[in-house]
Amino acid sequence: MSAVPESPSRPTVTEREAREVAEAAREQDWRKPSFAKELFLGRFRLDLIHPHPLPADDDVQRGEEFLAKLRDFCETKIDGATIERDARIPDEVITGLKELGALGMKIDTKYGGLGLTQVYYNKALALVGSASPAIGALLSAHQSIGVPQPLKIFGTREQKETFLPRCARTDISAFLLTEPDVGSDPARLATTAVPEGDDYVLDGVKLWTTNGVVADLLVVMARVPRSDGHRGGITAFVVEAASEGVTVENRNAFMGLRGLENGVTRFHRVRVPASQRIGEEGQGLRIALTTLNTGRLSLPAMCVGSGKWCLKIAREWSAAREQWGKPVALHEAVGSKIAFIAATTFALEAVVDLSSQMADEDRNDIRIEAALAKLYGSEMACLMADELVQIRGGRGFETAESLRARGERAVPAEQMLRDLRINRIFEGSTEIMHLLIAREAVDAHLSVAGDLIDPEKSLGDKARAGAGAGLFYAKWLPKLVAGPGQLPTSYGEFKHGVDLSAHLRYVERTSRKLARSTFYAMSRWQGKMETKQGFLGRIVDIGAELFAMSAACVRAELLRGRGENGREAYQLADAFCHQARIRVEELFGRLWSNTDDLDRKVVKGVLSGTYAWLEQGVIDPSDDGPWIADATPGPSERENVHRPIR
């Protein structure tokens, strides 16, 4: 019996209902240890990351062999300037990547893939992304969040055998969640999948479908109405992009990543066999979030590549360019920027490699580590690119094509800055990542005190929660008073010429201070804690810096032990940790001394029109179209710009 479809109007949900949907999608159990989770709880578990985990020899050999082939392809077949100028990746380049096996880097060899580890997959993305960020985005969207990853974790044997060989060699995939009026609030998802016999019928519109213009296979999130025999809820499906009723209505254009095949996709009465549903009904958001646990690592991996390129250009340019009788690098104002780029690139690579190797070993729960890597990488890469533009001066603002036209080296610094900007929005904006990580970081507190601070719970529930919280905090709080960070001999194995042990002692002490600050805030604001987004963001940023410091020190010791530029690695780790400590102290100061309350008052005044007079004296060049495009379900009235590459 067919279910009755919901109204085509967008679902209306309250703030609490939206939070409940997001909470239900969380992976709530912690079955494996997590270094970052422990860090936020004031427990510096260095043993979870040191000695630095290493890949198996056969994984290294397979990975290095592919990187060599990929490097040759990038150097001989990819012209990043052409992709930027034409705003399109040439079909022959994508065909060449298919033949190389780049579509199947993370797919098991038994399905025709290369079976690379997360470590080498990320190295490959950093390499190809440095040749063309648009190609890096294509490969990442295809494998990190497209069809291969969710099927790897949640797919049936039949689904894997049907779709993974295609994804490994011929078919490009895309992930479709966002809608014109739905971003990070999936509770309002309007695309429906109505059961009809052995099929589901999809109706709706999806926005910003990376790879959607050229994709052959789609992962689509849609709402299944509740009915007899159907639990309903947001559900994931594998959809053939060539299905009747699928229309790519627009290829979107952006300030950066001009070769990105990103579009608007409409579904009208699209029939999808029930056999192509991923997981059970209602598991769609959980599947998406679990997929992103490791999928998020691809983005900071490409940020590492960007940092390496920024460092190379900064070094070469600042040595060649002279001002006032000496290279600009030797002027302190410029030199500090170069030191920041060098130290941050080292630390960011340490964060990505450590998180990736932990993902490969599967001994730790890395959901927080991966989220921190994405957050930290996207923010720091933008800062590094901005500093490079400043170091280059007017040439940094000038396009590579213009530089070439007047006889100078075509350095696409301004393009790098434009291309990186989206990373602060992709796969969870910085603001959403702050909230997501904060939720995981305070999970232990909410587990024992959630009912206590929930205004809708009964007095009996609050009493029981209070008793449980009392036991937890009686054991936990005393451990935040003292620790190894106060002993001058702690972490002595990290002292080799340069003393990194002092930085690790700082991390240990500061993690306890961070936990105390979180506890104090929960005691002060209780149920209102979740509304203190400024405070939570700073808590997360402190944790990110501490994680990066830890990773940098552990990586430096690994390189020293292996005889691979160990002395220089120690110097870079030391510089980064000193820089990070200054940022951490500033963030702690802003936990309690800030303008958050005043800002809220100003925002209310802006929204009410109180300050509208301040907007006078300018011309608004935007047109008078709607802020959000109409996404009413129905047949498409536009030309289909879908163009599969064969």
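In the range 596-646, the qualifying residues are those that are acidic (Asp, Glu) and within 30 Å of the chain's Cα centre (by Cα), and the one that is farthest from residue 214 (Cα to Cα) is 597. Taken over the range 227-243, the residue count meeting the criterion of being farther than 18 Å from residue 174 by Cβ and open to solvent by 30 Å² or more (accessible area, probe 1.4 Å) is 5.
Only a single item in (1) of a type outside the set (Asp, Glu); (2) modelled with pLDDT under 85; (3) more than 27 Å from the chain's Cα centre (by Cα); (4) buried (at least 18 other Cβ atoms within 10 Å of the Cβ) is not met by residue 442, and it is number (3). Selection of first residues in the range 389-408 that are assigned to a helix (DSSP H, G or I) and of second residues that are open to solvent by less than 70 Å² (accessible area, probe 1.4 Å) and among the charged types (D, E, K, R), restricted to Cβ pairs under 7 Å at least 6 apart or on distinct chains, gives the following pairs, ordered by first then second residue: 389/414; 390/337; 391/337; 396/414; 397/414; 403/395.
Each residue in the range 207-240 was checked for being of a type outside the set (Ser, Thr, Tyr) and assigned to a strand (DSSP E or B), and 18 pass.
Yes/no matrix, rows are residues, columns are (1) of a type in the set (Ser, Thr, Tyr); (2) open to solvent by less than 30 Å² (accessible area, probe 1.4 Å); (3) under 15 Å from residue 143 (Cα atoms):
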residue: 36; (1), (2), (3): no, yes, no
residue: 46; (1), (2), (3): no, yes, no
residue: 53; (1), (2), (3): no, yes, no
residue: 71; (1), (2), (3): no, no, no
residue: 79; (1), (2), (3): no, no, no
residue: 96; (1), (2), (3): no, yes, no
residue: 121; (1), (2), (3): yes, yes, yes
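Of all residues in the range 556-598, those satisfying the criterion of being free of Cβ contacts under 8 Å to residues at least 60 places away in the same chain, closer than 21 Å to residue 534 by Cβ, in a helix (DSSP H, G or I) and open to solvent by 30 Å² or more (accessible area, probe 1.4 Å) are 582, 583, 585, 586, 589, 590, 592, 597, 598.
Taking the stated definitions as given, is residue 623 over 17 Å from residue 348 (Cβ atoms), open to solvent by less than 100 Å² (accessible area, probe 1.4 Å) and either in contact (Cβ under 8 Å) with a residue 12 or more places away in the chain or of a type outside the set (Val, Ile, Thr) (or both)? Answer is no for this residue.
Scanning the range 484-539 for residues that are polar (S, T, N, Q) and touching a Lys or Arg at 6+ places or on another chain (Cβ under 8 Å), we see that the one that is most open to solvent (accessible area, probe 1.4 Å) is 486.
Those helices (runs of 4 or more DSSP H) of the range 80-164 in which 2 or more residues are among the aromatic types (Phe, Trp, Tyr) occupy 118-131.
Condition check for residue 303 on (1) outside any loop (DSSP other than H, G, I, E, B); (2) in contact with a Ser or Thr (Cβ under 7 Å, 6 or more places away or on another chain); (3) open to solvent by 30 Å² or more (accessible area, probe 1.4 Å): one failure, at (3).
Can residue 255 be described as within 27 Å of residue 640 (Cα to Cα), surrounded by 22 or more Cβ atoms within 10 Å (Cβ to Cβ) and modelled with pLDDT of 95 or more? When the stated conditions are applied, residue 255 does not pass them. Exactly one residue among 369, 379 is acidic (Asp, Glu) and either open to solvent by 40 Å² or more (accessible area, probe 1.4 Å) or assigned to a loop (DSSP other than H, G, I, E, B) (or both), and that residue is 379. In this structure, residue 384 qualifies as in contact with a Gly (Cβ under 7 Å, 6 or more places away or on another chain), at pLDDT 95 or above, open to solvent by less than 50 Å² (accessible area, probe 1.4 Å) and outside any loop (DSSP other than H, G, I, E, B). Listed by first and then second residue, the pairs with beta-carbon distance under 7 Å, at least 6 apart or on different chains, first residue in the range 415-426 and in a helix (DSSP H, G or I), second open to solvent by less than 40 Å² (accessible area, probe 1.4 Å) and of a type in the set (D, E, K, R), are 415/84.
Here is a check on your reading of the model: is residue 67 surrounded by 14 or more Cβ atoms within 10 Å (Cβ to Cβ) and either within 24 Å of the chain's Cα centre (by Cα) or charged (D, E, K, R) (or both)? Even if it seems obvious, please write down each step before you answer.
Values: surrounded by 14 or more Cβ atoms within 10 Å (Cβ to Cβ): yes; either within 24 Å of the chain's Cα centre (by Cα) or charged (D, E, K, R) (or both): yes.
Considered against the rule, which asks whether it is surrounded by 14 or more Cβ atoms within 10 Å (Cβ to Cβ) and either within 24 Å of the chain's Cα centre (by Cα) or charged (D, E, K, R) (or both), residue 67 comes out as yes.
Screening the candidates 403, 420, 348 for the property of being in contact with a Gly (Cβ under 8 Å, 6 or more places away or on another chain) and under 22 Å from residue 79 (Cα atoms) yields one hit, 420. Which of the residues spanning the range 27-78 are assigned to a loop (DSSP other than H, G, I, E, B), over 30 Å from residue 475 (Cα atoms) and touching a residue at least 40 places away in the same chain (Cβ under 8 Å)? Once the filter is applied, which keeps residues that are assigned to a loop (DSSP other than H, G, I, E, B), over 30 Å from residue 475 (Cα atoms) and touching a residue at least 40 places away in the same chain (Cβ under 8 Å), the range 27-78 yields 52, 53, 54, 55, 78. Here residue 263 passes the criteria (1) under 18 Å from residue 178 (Cβ atoms); (2) surrounded by 23 or more Cβ atoms within 10 Å (Cβ to Cβ); (3) in contact with a helix residue (DSSP H, G or I) (Cβ under 6 Å, 6 or more places away or on another chain) except the one numbered (3). Just one of (1) in a helix (DSSP H, G or I); (2) within 30 Å of residue 227 (Cβ to Cβ); (3) at pLDDT 95 or above; (4) of a type in the set (Ser, Thr, Tyr) fails for residue 247. It is (1).
The values are calculated or read from the model by the stated rules, or taken from the named source; none is laboratory data. Since we're looking at a predicted model, the values are computed, not measured. Glycine gets a Cβ as well: all are built from the backbone with ideal geometry, and neighbour counts include every protein chain shown. Keep in mind that these areas ignore ligands, DNA and RNA; they rest on the heavy atoms of the full protein, side chains included. Shrake-Rupley method; radii C 1.70, N 1.55, O 1.52, S 1.80 Å.
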